[in-house]
Amino acid sequence: GRVIPVKGIKILLEAFRNLDRSELHIFGSIGGQRTFLERYGTERVFFDGAFDNWDINAVLEKIDVLIVPSIWYENSPLVIQEAFVAGVPVITSNIGGMAELVEDGVEGFTFDVGDKGALKEVMKRIEDDPEILNDLDVGEAKVRSIQDDARFIQQIYREVLGI
């Protein structure tokens, strides 16, 4: 995807700034924002750039947790579902489809949208005690198949229409 302001990149970089031992890898096309973004970075922040969608598994294999800090209402980010299929927990903003996909303390952690202090607390907690990731229930079972998703949507329409 694109690394743009509504994706919460500044919040992520500011929250990460005071962590001691972790690395932050940012994937996605940053376009002409590199100079702006680098002033928020540290020697432990890496701008890894865009990757082909076919390489998502290779990317997810390299990370311990996926962070989706969007400040706008994402409807149902595919990257969260891809992370679940790969067994990777997710930290995300507590709005929109992100909050619907990630139950705090179950598949990952949520934080108040736009709150860099709250995001930092979640990341620091994991940095201090990475074993808490082992207690999460993350896996492929959390992702509906296309057929199951279609049935789910059909059921919503039936309920709304009273049929």
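Here are some notes:
- Between Ala50 and Arg151, full extension at 0.36 nm per residue minus the direct alpha carbon distance yields a gain of 33.0 nm.
- Farthest toward positive dipole pole in segment 17-137 [+1 Lys/Arg, -1 Asp/Glu at C-beta], among Phe111, Asn94, Val45: Val45
- Only Cα pairs under 8 Å and 6+ residues apart enter the sum, and on that basis the relative contact order of segment 1-51 stands at 46 percent.
- Over the chain, relative contact order from alpha-carbon pairs under 8 Å, at least 6 apart, %: 21 percent
- Total formal charge among the other residues, if their Cβ is under 15 angstrom from that of Trp54, Lys/Arg +1 and Asp/Glu -1: -4
- If R0 equals 30 Å, the separation of the Cβ atoms of Val106 and Val160 corresponds to a calculated FRET efficiency of about 0.60.
- Structure-derived semi-axes √(5λ) of the Cα gyration tensor in Å - corresponding label in (i) 35, 19, 15; (ii) 28, 18, 16; (iii) 55, 17, 13: (ii)
- Here the dipole of segment 1-117 is about 540 debye; that uses its Cα centre as origin and unit charges on the Cβ of Lys and Arg (positive) and Asp and Glu (negative).
- Rotationally averaged projected area of segment 90-135 (alpha carbon convex hull; nm²): 2.9 nm²
- Computed P(r) (all Cα pairs; segment 1-94; 5 Å bins; percent): 3, 12, 24, 27, 22, 11, 1
- Tensor-based shape of segment 53-101 (alpha-carbon gyration tensor, a/c under 1.5 rounded, otherwise prolate or oblate): prolate
Bear in mind these aren't lab numbers, they're just calculated from the coordinates by the rules spelled out. Because the structure is predicted, anything quoted here is derived from the model rather than measured. In this analysis, Cβ positions are derived from the backbone assuming ideal geometry, glycine residues included, and neighbour counts consider all displayed protein chains.
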